[in-house]
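One structure is given here, and the rest of the page talks about it.
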Amino acid sequence: MRTVIAMTGASGATVAVDFLKRLPGEKFLVMSRWGKATLHQETGLKSEDLAPLVSGIYASDDMNAPFASGSTPFDHYVIIPCSVTTLGRIASGIGENLVARIGEVALKENRRMTLVVRETPLSAIALENALKLSRLGVTIMPMSPPFYMKPSSVDETIGKFVDHLLVTMGLPSGAPGWNESRLPK
């Protein structure tokens, strides 16, 4: 499976790093300028530190990158974390940077797309943009930790959310019976 992952400047870089570590298959990373800044502020990492986890890293202003064209196939596009500005750009068809342009490509080529939105509270405009994209088949997945799984640490909370994201993508999470623990014995 070939996945393109984008990181924007919304908070949640730690979750994105855990996702990159655990996502199987071929991975390509696109980072916005603010995504790079947030990665460094929240984790101390630089984009180069993520290079061993992916097959390639592209800057958001690189409109010559292969995934800016529908002729370069990919199976899934995940923006994690996704700012509401990026959500709005994609919903409005404004492909002014590589992050939004790949969103346009995913829509026009009917490829799977998941936006892990990280902002709260959400304005009516953000909710309308999310609804618009959801109606087009985009998975809108707010970065909401599954507290019912009773995580005992921040790392475990992040891991449980990434488990949920992987399962939502149709992939194994590595977690034993992600939701089977709630079934009667």
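In a solvent-free Debye calculation with one equal scatterer on each Cα, what is log10 I(q)/I(0) for the range 44-119 at q = 0.16 Å⁻¹, listed in the order of the q values? Result of the Debye calculation: -0.60. The residues neighbouring Asp61, those whose beta-carbon lies less than 13 Å from its own, together hold a net charge of +1 under the Lys/Arg +1, Asp/Glu -1 convention. Less than 19 Å apart at the alpha-carbon level, and either on another chain or at least 8 residues along: which lysines does that give for Lys108? Reachable lysines: Lys132.
Of Ile79, Ile90, the sequence from fewest to most neighbouring Cβ atoms within 10 angstrom is Ile90, Ile79.
Considering only Ala65, Ile79, Met141, the residue lying farthest towards the positive end of the dipole of the range 2-174 is Met141, judged by Cα position with unit charges set on Cβ. In summary, the aspartates and glutamates within cross-link reach of Lys150, defined as a Cα separation below 17 angstrom excluding same-chain residues under 8 places away, comprise Asp163, Glu180. Partners of Lys46 within straight-line reach, counting lysines whose Cα lies under 26 Å from its Cα and excluding those fewer than 8 residues away in the same chain: Lys21, Lys27, Lys36, Lys160.
Quick check on the range 1-98: take the gyration tensor over C-alpha atoms, sort the square-rooted eigenvalues as a ≥ b ≥ c, and tell me if it's rounded (a/c under 1.5), prolate or oblate. Oblate, because a/c is 1.5 or more while a/b does not exceed b/c. Stretching His40 away from Glu96 to a fully extended chain increases their span by 17.7 nm, per 0.36 nm per residue minus the current alpha-carbon distance.
Values quoted throughout were computed directly from the atomic coordinates according to the rules given, and no laboratory measurement underlies them. All of these numbers come straight from a predicted model, not from anything done at the bench. Don't worry about glycine lacking a Cβ; one is built from the backbone with ideal geometry, like all the others, and counts go over all protein chains shown.
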